[in-house]
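The structure appears below as structure tokens.
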There are 2 protein chains.
Amino acid sequence: MTPEEFRRIGHQLVDWVADYRARLSRYPVMSPVEPGAIKAKLPASPPETPESFDAIFRDLDEIIVPGLSHWQSPRFFGYFPSNGMLSSVLGDYLSTGLGVLGLSWQSSPALSELEEVTTDWMRQMIGLSPAWSGVIQDTASTSTLVALICARERASSYSLAKGGLQGGGPPLIVYVSAQSHSSVEKAALLAGFGRSNVRAIPTDAAYGMRPDSLAEAVSSDAARGLAPCAVVATTGTTTTTAMDPVGAIADIAAAHKLWLHVDGAMAGSAMILPECRRFWDGIEGADSLVVNPHKWLGAAFDCSLYYVRDAEHLVRVMSTNPSYLQSSVDSRVKNLRDWGIPLGRRFRALKLWCLIREQGVVNLQARLRRDIENARWLEAQVKAAGGWRVLAPVPLQTLCVRHEPAGLDGDALDRHTLAWADRINRSGAAYLTPATLDGRWMVRVSIGSLLTEREHVAELWDVMRREAEKA
Amino acid sequence: MTPEEFRRIGHQLVDWVADYRARLSRYPVMSPVEPGAIKAKLPASPPETPESFDAIFRDLDEIIVPGLSHWQSPRFFGYFPSNGMLSSVLGDYLSTGLGVLGLSWQSSPALSELEEVTTDWMRQMIGLSPAWSGVIQDTASTSTLVALICARERASSYSLAKGGLQGGGPPLIVYVSAQSHSSVEKAALLAGFGRSNVRAIPTDAAYGMRPDSLAEAVSSDAARGLAPCAVVATTGTTTTTAMDPVGAIADIAAAHKLWLHVDGAMAGSAMILPECRRFWDGIEGADSLVVNPHKWLGAAFDCSLYYVRDAEHLVRVMSTNPSYLQSSVDSRVKNLRDWGIPLGRRFRALKLWCLIREQGVVNLQARLRRDIENARWLEAQVKAAGGWRVLAPVPLQTLCVRHEPAGLDGDALDRHTLAWADRINRSGAAYLTPATLDGRWMVRVSIGSLLTEREHVAELWDVMRREAEKA
């Protein structure tokens, strides 16, 4: 494809995307397709000869779009917001269009330096001290894996340069909360710790990690000759947005030389609001931190920020230095390949840079405050309604709710909950995520899509009442 | 930003990218900027209030583009080609514009199913049997890490569900070649094996792994009570494009129950040419394979294909199943979160789909054959020229060359080599990557940028002679 063809079809494509974004509220939020239906409409073998982009646009309209669940819809309340604000989308378009790669600083200096600058902008925006250095990873799953590998290597005095985890010595132990995201245990298992060396610490009534239980578990393991290694605290858990007490956990970590990793994937964005920073009081005592601007903040996926206090340790764990990647300036630059797992690196900073510049900090703050207000409004409605319960504190924008009709409990209540949520999802009117809390199903309402205004939340509440109460 | 603003600025941006791609040959290929120069031109703090996209375009022209090394340039011969063909760029634009996320099949069915279809198209294109299933990862570094973790878990009967690598038992050993990519050792270290449990097997005169040495090493380790676990063979090494003898290695792997992972990151794309498939004869004996269409083939970065023969094992190692990710169709679909490390997933299949459809298999094949022919032409020129040597076989599109003036050897020769390569890189006329081979510096010429025609290779050869011979 020549630049002139790209210009012509690119304009068509931008129009197509603009139309899609403008029409979002008309689509059923969750795709109604059956498993295998999309695949059945696509050729089983690749085309031998070229096809036109007209054919691609036709298939997009007829096959692909009907098979999507629309994350950018104003009626998307599932999982968490994955906002791809259009200014950030343009930043990503620049990145893909330029097609440059950051293997080393030398291989595209502006790529590395803009990443350094934008991650430092974000550091300032979320109120961290200058002791932190940031880098962009793909997702929090990866950032947390990197964190636990770094914890493993600090606790084992760089076992990777020797016998690894196979070198004997007391087993290293990782502490997580019973409400930690599934990626945290996954990271511990992938890093080789083993499930029997991962402790799930109980949570309190607000679903935050209990520091007394953590302290007990650490002492008990140490007394048994095991080696407490790392603790993962969460600022804004997935299920309820619970806030683990970072300060108290940091004190225990300091006393026992544990690596403290803080998972602020979702709620980290809220720290651009000074009034929310109390939720991670003590954060300066952590060793590493992940915040995903590709969730609530509006950066096009994928853009997960991983911050560390000891960048030299990170580099020592992650670095490789083959001859074909060396350059004469290596001693004077950051080579971001040594800050994570992949060698190749997109110019991801552009999408964060465009987002922050086009919005300004004030507009980003205003939107997050809008969403928090909308969540408070819905919380008040649910609490005032007979037969409904809000099951957990609502510090930010996620509500955990249940409709509890008189006489229904146990499995019958679970069936009722799953049924009304499923009816809403299948209707296409909104997308909600059921989840379990204290062993029973409830429904998460995650507010914060870019287009979600009070009217959409009010409509959702009408739909919820209609679908749950009619049964 | 509203859809209408996006439409207006998006058109501007497409024009900007089209102009950039059309002007590529005018830029100095390697950026001449000094470390810190870009950063110094950017504000140290984020803007409080919104800025216009005009300001962003101005900064792109004045600050960012001069700080880039231009990977899409016809005079880029560094590292390896990272071709982002414009049809694939448009596919990526669709992905970012749609802003949908694949957490589970349910969260965007078309995302999962198109990934299944396009990875199967590629399977057919590179001549693999239907026994293989594919998934898109970000990079080969990640794919290889996944492979070695899967190897670890098969050899240890799922130690992750027990004590991990800390559970005792004989150390698991990984075998790589002395010419393996740096990411292979890095993956072994990150997976917890430890450097003392990684064996670098010697290579033959053509830089391929010696199967007799591998067999010896495996037997010797087994005899010492260690547990041979995995071997990584490379089809197209980074330094010289050497081809490890996959068939012979597969036989040894089968005899000793080793996991065989094949790194075809670069040369895997060549397998769309039937005449190249002899380079990985025996590939059906491997357990896993990585091929990066984001290198030579033309898919916009990042698009690394990871193929496995036992998908059930992969899922068992990688799966998590928290309540908030469950859906009623789980038993009937592929949930791609269980096929790799990250939970979140871009709609990456679109860029591969658009590339293959817009090009057709025949045009992709024609371009790769063009590059191979260009490499053969240059090889002939270098071999015919006095004082020049081609240091390794040229199976595909990478040449390893050295100018060896009479009387120069040892460190003096190294200084000469690095000096002329550096003069070319600094001049902006072309980008070449020096690397070491047999302990001495040489220069890699990696041919295969989309825009590189015979004339560019001929110009490069003129520049090389001028810069090397003038000294």
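The values are calculated or read from the model by the stated rules, or taken from the named source; none is laboratory data. What you are looking at is a predicted structure, and each value in this text was computed from that prediction instead of being measured. Methodologically, a virtual Cβ is constructed for each residue, glycine included, from the backbone with ideal geometry; neighbour enumeration extends over all protein chains shown. Keep in mind that these areas ignore ligands, DNA and RNA; they rest on the heavy atoms of the full protein, side chains included. Shrake-Rupley method; radii C 1.70, N 1.55, O 1.52, S 1.80 Å.
Please report, to two decimal places, log10 I(q)/I(0) for the protein assembly as shown at q = 0.05 Å⁻¹ as given by the Debye formula with identical point scatterers on the Cα atoms and no solvent. For the requested q values the scattering log ratios are -0.27. Taking every DSSP bridge with both residues inside the protein assembly as shown, close to 55 percent are antiparallel. Distances, shortest first, from the label point of residue B:19 to those at the same position in the other copies read 2.8 nm; the point lies 7 Å along Cα to C-beta.
Comparing A:382, A:432, A:363 along the charge dipole axis of segment A:286-435, the residue lying farthest to the positive side is A:363, per the Cβ-charge model. When the listed pairs A:41/B:186; B:162/B:334; A:334/B:470; A:295/A:334; A:41/B:257; A:39/A:470 are checked against a 32 Å cut-off, the alpha-carbon distance exceeds it for A:41/B:186; A:334/B:470; A:41/B:257; A:39/A:470. Remark: label point of residue A:418 defined 7 Å out from Cα along the Cα-Cβ vector; separations to the same position in other copies 6.5 nm, ascending.
Shown for residue B:34: label points 7 Å from Cα along the beta-carbon vector, and their distances to the equivalent points in the other copies, 6.8 nm in ascending order.
Taking a temperature of 20 °C and a viscosity of 1.002 mPa s, what whole-number D in µm²/s does Stokes-Einstein yield for chain A with Rh from Kirkwood over alpha carbon pairs? List each step's numbers first, then the result.
On the way: Rh = 24.1 Å.
Here the translational diffusion coefficient equals 89 µm²/s.
Converting phi to 3J(HN,Hα) with the Karplus coefficients 6.51, -1.76 and 1.60 and the offset θ = phi - 60°, segment B:149-160 yields 5, 5, 4, 4, 6, 5, 5, 9, 6, 6, 4, 4 Hz in sequence order, with x at every glycine or proline.
Expressed in nm to one decimal, what extension gain is obtained for the pair residue B:284 and residue B:440 from 0.36 nm per residue of sequence separation less their Cα-Cα distance? Please list the in-between numbers first.
Numbers: separation 156, 0.36 × 156 = 56.16 nm, distance 3.59 nm.
That works out to 52.6 nm of additional length.
From the alpha carbon centroid of segment A:25-87 to that of segment A:263-318 is 31 Å.
Magnitude of the charge dipole for chain B, about its Cα centre and with charges confined to Cβ atoms of Lys, Arg (+1) and Asp, Glu (-1), is about 280 debye. Cα gyration tensor of segment A:67-212, axes a ≥ b ≥ c as square roots of the eigenvalues: rounded (a/c below 1.5), prolate (a/b > b/c) or oblate? Oblate shape, in that a/c is at least 1.5 and b/c is the bigger or equal ratio.
What do you get for Rg/Rh over segment A:223-321 if you use C-alpha atoms and the Kirkwood form of Rh?
On the way: Rg = 14.7 Å, Rh = 14.5 Å.
Looking at segment A:223-321, the ratio lands at 1.01.
Averaging the sequence gap over all C-alpha pairs within less than 8 Å and six or more residues apart, then dividing by the number of residues, gives chain A a relative contact order of 22 percent. Couplings for segment B:52-65, taken from phi via the Karplus curve 6.51 cos²θ - 1.76 cosθ + 1.60 with θ = phi - 60°, read 8, 5, 4, 5, 5, 4, 5, 5, 4, 5, 8, 10, 6, 4 Hz in order; Gly and Pro are left as x. Quick one: check the C-alpha center-to-center distance for segment B:103-160 versus segment A:152-194, whole angstrom. Using only Cα atoms to place each centre, the spacing works out to 25 Å.
Please report the buried accessible area for the interface of B with A, total over both chains, probe 1.4 Å, in Å² to the nearest 100. Let's see the in-between values first.
Working: alone 21040 and 21080 Å², together 28800 Å².
Result for this pair: about 13300 Å² buried.
Translational diffusion coefficient of segment B:288-438 (Stokes-Einstein, Kirkwood radius from Cα pairs, 20 °C, 1.002 mPa s): 107 µm²/s.
Label 7 Å along Cα→Cβ of residue A:389; segment A:418-438 residues with amide nitrogen under 16 Å? Output list for this probe position: A:418, A:435-438. For peptide B:33-40, the mean count of partner chain Cβ atoms within 10 Å of a residue's Cβ comes to 5.
Counting alpha carbon pairs within less than 8 Å and at least 6 residues apart, what relative contact order, in whole percent, applies to segment A:47-205? It would help to have the intermediate numbers written out before the result.
Working: 97 pairs, mean separation 20.5, N = 159.
Relative contact order comes out at 13 percent.
With θ taken as phi - 60° and the Karplus curve 6.51 cos²θ - 1.76 cosθ + 1.60 applied, the whole-hertz 3J(HN,Hα) list for segment A:170-178 is x, x, 7, 10, 10, 10, 10, 9, 4 Hz, x standing for glycine and proline. A cut-off of 5 Å between modelled amide H atoms, ignoring neighbours fewer than 5 places along the same chain, links residue A:199 with A:174, A:175, A:176. Accessible surface for chain A, divided over its residues, is 31 Å² per residue with a 1.4 Å probe.
Distances between placed amide hydrogens fall under 5 Å for residue B:441 paired with no residue 5 or more residues away or on another chain. Of all beta bridges that DSSP places with both ends in chain A, some 55 percent have antiparallel geometry.
Shown is the FRET efficiency for residue A:376 and residue A:330, computed with R0 = 51 Å from the Cβ-Cβ distance and rounded to the nearest 0.05: 0.50.
Assuming a ≥ b ≥ c are the square roots of the Cα gyration tensor eigenvalues, decide whether segment A:260-299 counts as rounded (a/c under 1.5), prolate (otherwise, with a/b larger than b/c) or oblate. Mind showing how you got there, number by number?
On the way: a/c = 2.99, a/b = 1.29, b/c = 2.32.
The shape class here is oblate.
Scaled against 2.2 N^0.38 Å for its residue count N, the alpha carbon radius of gyration of segment B:384-471 is 1.04.
Can you compute the FRET efficiency between residue B:222 and residue B:131 using 1/(1 + (r/R0)^6), with r the Cβ-Cβ distance and R0 = 30 Å? Round to the nearest 0.05. The computed FRET efficiency comes out at 0.60.
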